[in-house]
């Protein structure tokens, strides 16, 4: 007989009340069509580049400019800089782009905010030290020389997939950006602005040192010089053919909502490329692309006026899968209308056509789901695994339809397994590192290798489908065990960081049959215990991607505390460490049922591009509290 102490009963009642408030809030956020979508917050480079794009295309309006400038100005740090994530250090390239956008909006460079920004830029090496993508934007307006940018010949698109440095050697997000940029870089447009960058330059700024020829960097620097020479005198027929192929490649990948891949970088560069080619038939493509961008705009009334910001991407499919799982973890019935409607919407989002992933897997039948509303060319492994997990827990009125979709998704998942047993996000075996040596690859990830978090989600899905003993799942488990960090955690590629990776892997390993007392599980539990904050929560700063001193350290957040709890609960831990984590969630809940989380806990490019998924602060705590209250399994 189990005796419940009064203190435990009170704690359980408070936890239950916290969960029910959160569930009510989650229900209220569901769209009439059945989906959920939280804001995907990034940084002001997206807003600055949106203004620059509109200026280049000649469609920028005064209202858009004023509202965007108001938002950009509101995000400036005390030292005059702009960061890439909330609370982070100032970033040189982001600050330069924000300064240019504010000048475009008519702000005087001698005002205190812009003068402070210029001082930050000069103190950090000036414009010459910005990333290549920033200098491309500057070159579009005559603020930087195209001659001083790395070459990017369109002939790249003519290389077959087996030749090194072909476009399919790049990760899908990089590939979709590189191909239109080959057009822009080749045509070298210049539409001058009525101001210059004199306040941002450092006198006598030396160019980066040339690396020795015997190194990869040195070899590619010399190759870039040869390509510059070819750019000056290309083979006319070959160059014209390459430009046509690049343009066709871009056109073929526009989505139904006007986007390219549902993400900002390839979207804006594709619009620039097609606009520059000047084909009248492309004008409708460009108009559709611009119209689609409006769906990514958020306008908000603030004390200083309306602000306008642009989402770099939208995550309705991902958010909906996580919301369904959260509701089911909270013991919402499988046939609840909210769950059924969400499942029905997800079934309608299944991707049934082949995309770029088929270059490496030509015999694999299509199946799976993408991240966005419209992205048929690039379904991803992570979304597909989470949706398969969510669908299996719903009671849909057409079970055959649901089962068939889940079966297709599972077959596609297993077919996308990499040679080493892990899973990447979008492609299989996208690991040829030669492309990382190219001079323009100075920002973000350009490869898509297997990661612990994606592999864990696939392993967990396969295990819950009864395929734990199958070869794909067993190879996935082996990959996860081989990639555990020495301290006991796992690296988080798509979430910050080791807390995210560990929160994904431990439930997967236990679901796949690894005993809770197995050494890898116990090492993970020990790591989480060591990194619990004094107040009971967990937090990890984005700087952990670059600085090991930050691993497992940072201001506690609701999403990261929930990730840690999901791992601990899967490992059978229900003692003090878990109770303190649950208490943190109870104590920090807002009156409206959600949690404050200004910190960025999502990852685009580790260390370079970070994301605040506004729904994370709700769905993951609901799952963690629901599983805690469900009791030992």
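We did not get these values from a lab; they are worked out from the coordinates using the rules stated. Predicted model, so just to flag it, every value in this text is computed and none were measured. No Cβ is skipped: glycine too gets one built from the backbone with ideal geometry, and neighbour counts run over all protein chains shown.
Give me log10 I(q)/I(0) at q = 0.07, 0.09 Å⁻¹ for the chain, Debye formula, one equal scatterer per alpha-carbon, no solvent. Relative scattering, expressed as log10 I(q)/I(0), comes to -0.45, -0.76.
When the chain is fully extended, how far beyond the present Cα-Cα distance does residue 411 get from residue 147, taking 0.36 nm per residue of separation?
On the way: separation 264, 0.36 × 264 = 95.04 nm, distance 4.82 nm.
The residue 411-residue 147 span can extend by a further 90.2 nm.
Pairwise Cα distances in region 537-633 exceed 23 Å in 26 percent of cases. On a 0 to 90° scale, report how tilted helix 452-464 is relative to the longest principal axis of the chain, with both axes built from alpha carbons and the result rounded to the nearest 10. That works out to roughly 40 degrees.
Mind giving me the FRET efficiency for residue 86 and residue 111? R0 is 41 Å, r the Cβ-Cβ distance, nearest 0.05 is fine.
Values: r = 24 Å, r/R0 = 0.59.
With R0 = 41 Å, the Cβ-Cβ based efficiency is 0.95.
When the alpha carbon gyration tensor of region 513-573 is reduced to an equivalent ellipsoid, the three semi-axes, largest first, read 22, 13, 9 Å.
Using the empirical formula 2.2 N^0.38 Å as the baseline, the Cα radius of gyration of region 493-537 reaches a ratio of 1.21.
The mean of 1/r over all distinct Cα pairs in region 195-337, once inverted, gives the Kirkwood hydrodynamic radius of 20.6 Å.
Taking the C-alpha atoms only, the angle from helix 236-252 to the longest principal axis of the chain is near 30 degrees. Between residue 63 and residue 252, the contour length at 0.36 nm per residue exceeds the Cα-Cα span by 64.7 nm. Overall form of region 470-558: prolate. Here a/c, set by the Cα gyration tensor axes a ≥ b ≥ c, is 1.5 or more, and a/b is the larger of a/b and b/c.
Strictly greater than 22 Å: what percent of every Cα pair in region 1-137 meets that?
Working: 5036 of 9316 pairs.
Above the 22 Å cut-off, region 1-137 has 54 percent of its Cα pairs.
Between the helical axis of 6-28 and the longest alpha-carbon principal axis of the chain there is an angle of about 40 degrees.
Given R₀ = 51 Å, what would the calculated FRET efficiency be for residue 580 paired with residue 395, taking r from the Cβ atoms and rounding to 0.05?
On the way: r = 36 Å, r/R0 = 0.70.
In this case the efficiency is close to 0.90.
Pair-distance distribution P(r) for region 398-530, from all Cα-Cα distances in 10 Å bins starting at 0: 12, 39, 31, 14, 3, 0 percent.
What relative contact order, as a whole-number percentage, does the chain give when Cα pairs under 8 Å and 6 or more residues apart are counted? Taking the mean separation of contacting Cα pairs over the length of the chain, I get 16 percent.
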